[in-house]
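Please read the structure below before turning to the comments.
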Amino acid sequence: MRKATERAISHGLAAVTVLSVFGLLAACGGGGNSSSSPPPPTGNNVQALSVNGGPAPGVNYADAAFTSVTVCVPGSSTCATVDGVLVDTGSVGLRLLASAIPSLALPELSGSGGTTFYNCVNFVDGTYLWGPVAQADIEMAGEKASTASLQLIENPTGFSVPTACSQGGINLDTLNDLGANGILGVGSYPQDCGSACQNSTSPDVYFTCGPGGPCSSQTISVSQQVVNPVVGFTTDNNGVVIEMQSVDGEAASASGSMIFGIGTQSNNMLGSATIYPINGNGFFTTTFNSQALTESFIDSGSNGYFFPDSSITQCAQNSIAPGFYCPSSTLNLSAQNAAQGGSQKTVNFSVDDAVNDFNNFGSDSAFANLAGPNGSTNCGSGTACGFDWGLPFFFGRNVYVSIDGQSVPSGAPAAPWWAY
Amino acid sequence: MKALVASLAVVVSLFSPPAFAVLGGDAASVDADRAQMKGSGELKQASTYTLHQLTGPSGTVVREYVSPAGKVFAVAWQGPFFPDMQQLLGSYFDQYSAAVTANKEAHLGRHPLNLQLPGLVVQTNGYMRAFHFRAYIPQQVPTGVKEEELR
């Protein structure tokens, strides 16, 4: 199984390499533009971001924002800085490939009996991450989360990842599979599990394992869980603002900033931004094609707009862009997001032929008009449909992500919410 | 549509842990579930299908759709954490797993699944702590039942 996977991925890499050649040719023809943007914000709470294809050699990870994170043995100056970490508002917690910090021995977190806690996270595409919980001082910009729990992504030795974690999915345990050296989850929750994992072993998120297995789900206190690093900061700890430059069509790269805190410093004030409350299920409502998509969300870790529309041609499964839309010409569309107080705010967006994008701009990493399907297309009352506002939505916007349970600026509703 | 919704037999249980019926399985597994659910509310009517809803302690809600012929033709779940997918998908688990792997190999980057497989459709939506999953057997969906009802 593993061999088959690697072989297939090698083919994928070969394809990317070929595309890159096309991309260079296209670049000679003047393809690819990026718009000018205001100077980046400054301050001790500002972390630089880049949409640059990511750190995996020969792999161009389109529409993914990366940053660097410094991790230190708690209370020490023994540190390592890891770049190429995916910035993900759709997950919570720092997760680093153990192979990315080979010389840094972070202490692992032990459960009862002195056995290591292992952490599991499942993603919407069936992929998962597994590995021990470690503790580190996590540093970004001028901020520090002391003795914070994180996940080291690492295949177990002596036993297999339990099926309660793998769930039939695929392990992103290598640089090539993950396309990143790690994931920085700065979403709208303080921990990756919360009280559910303190009260019950039913969520298969934390495990302990015998030396040769088996593994079993364990309860774990909230304070020991893999934490949103922002919550661990002493200040600027109630959320983030992600400010990306605008992208006109496509660009070799795009830069931006992640500003820690909301309404805590002059550079992260809400200003005229509109607030979009997140309901108890983690969603808000987007109205598209006169249909209410009640399970919609904003997620920098999704690399496109994903929404239901049966009238848009999907790219062929055997193309270089399966899972994306391939309309015959660029579509200019709009949708409405449900704002605080019941008003609807329109978002305009465009959809390109993703195969053309990847063929013609193979060396580019930032695509403003990348989109794909999402589930059923008949989305009447009582159905489950959603609009996934992925990274392209962030281009040219300041997007605020507040964290459940944390303070909010005066006048704002209780977290969690998004604002832009 | 309204008539159809009204015709559902809905079985709701807040007891745990749910021993799921299995996709493609027969009514026997559902009966076993029902026996476990002491005190559960139950509404029986003539129906196009029977919906069983189970909420586990993790907060994830599992829904099982049983045809008049007594077959589980669809399963869905919604909530913060994955349920036991092998138990839920039964003999379809391997097909699902292979398709997830193929999808990942074809596409770097995270996106919702829309797997249109021979005899099996799987669709997902959401993000960490906020998932929605549906799987159904197209050939076994009773006439008149729409995909979007299976939630």
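The values are calculated or read from the model by the stated rules, or taken from the named source; none is laboratory data. From a predicted model like this one, the values you see are computed outputs, not experimental measurements. Note that each Cβ is placed from the backbone with ideal geometry, even for glycine, and that neighbours are counted across all protein chains shown.
Data for the structure
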item	result
Within segment A:246-326, strands (runs of 3 or more DSSP E) holding 2 or more residues that are among the aliphatic types (A, V, I, L, M) and touching a residue at least 24 places away in the same chain (Cβ under 8 Å)	A:254-260, A:291-298
Test set (1) farther than 25 Å from A:Ser188 by Cα; (2) at the interface with chain B (Cβ under 9 Å from one of its Cβ atoms) - A:Gly301 fails condition number	(1)
Meets criteria (within 20 Å of the chain's Cα centre (by Cα) and not in a loop (DSSP other than H, G, I, E, B)) for A:Val347	no
Residue, surrounded by the fewest Cβ atoms within 10 Å (Cβ to Cβ), within segment B:70-84, restricted to residues that are touching a residue at least 60 places away in the same chain (Cβ under 8 Å) and more than 10 Å from every other protein chain (Cβ to nearest Cβ)	B:Lys71
Condition check for A:Ala98: touching a Gly at 6+ places or on another chain (Cβ under 7 Å), surrounded by fewer than 19 Cβ atoms within 10 Å (Cβ to Cβ) and more than 14 Å from chain B (Cβ to nearest Cβ)	yes
Residue in segment A:101-117 that is more than 14 Å from chain B (Cβ to nearest Cβ), surrounded by 21 or more Cβ atoms within 10 Å (Cβ to Cβ) and outside any loop (DSSP other than H, G, I, E, B) present	no
Some residue of segment B:54-65 being over 22 Å from A:Gly382 (Cα atoms), at pLDDT below 90 and surrounded by fewer than 19 Cβ atoms within 10 Å (Cβ to Cβ)	yes
Candidate set: segment B:85-141, residues that are of a type in the set (Phe, Trp, Tyr) and touching a Pro at 6+ places or on another chain (Cβ under 9 Å); chosen: the one nearest to the other protein chains (Cβ to nearest Cβ)	B:Phe131
Residue in segment A:182-196 that is surrounded by fewer than 21 Cβ atoms within 10 Å (Cβ to Cβ) and either in contact (Cβ under 8 Å) with a residue 24 or more places away in the chain or assigned by TED's automatic domain parsing to the domain that holds A:Val408 (or both) present	yes
Residue selected from segment A:321-379 under the condition away from chain B (no Cβ under 14 Å) and of a type in the set (Asp, Glu), by the criterion surrounded by the fewest Cβ atoms within 10 Å (Cβ to Cβ)	A:Asp353
Tally of residues being touching an Asp or Glu at 6+ places or on another chain (Cβ under 9 Å) and either within 14 Å of chain B (Cβ to nearest Cβ) or β-branched (Val, Ile, Thr) (or both) across segment A:129-160	6
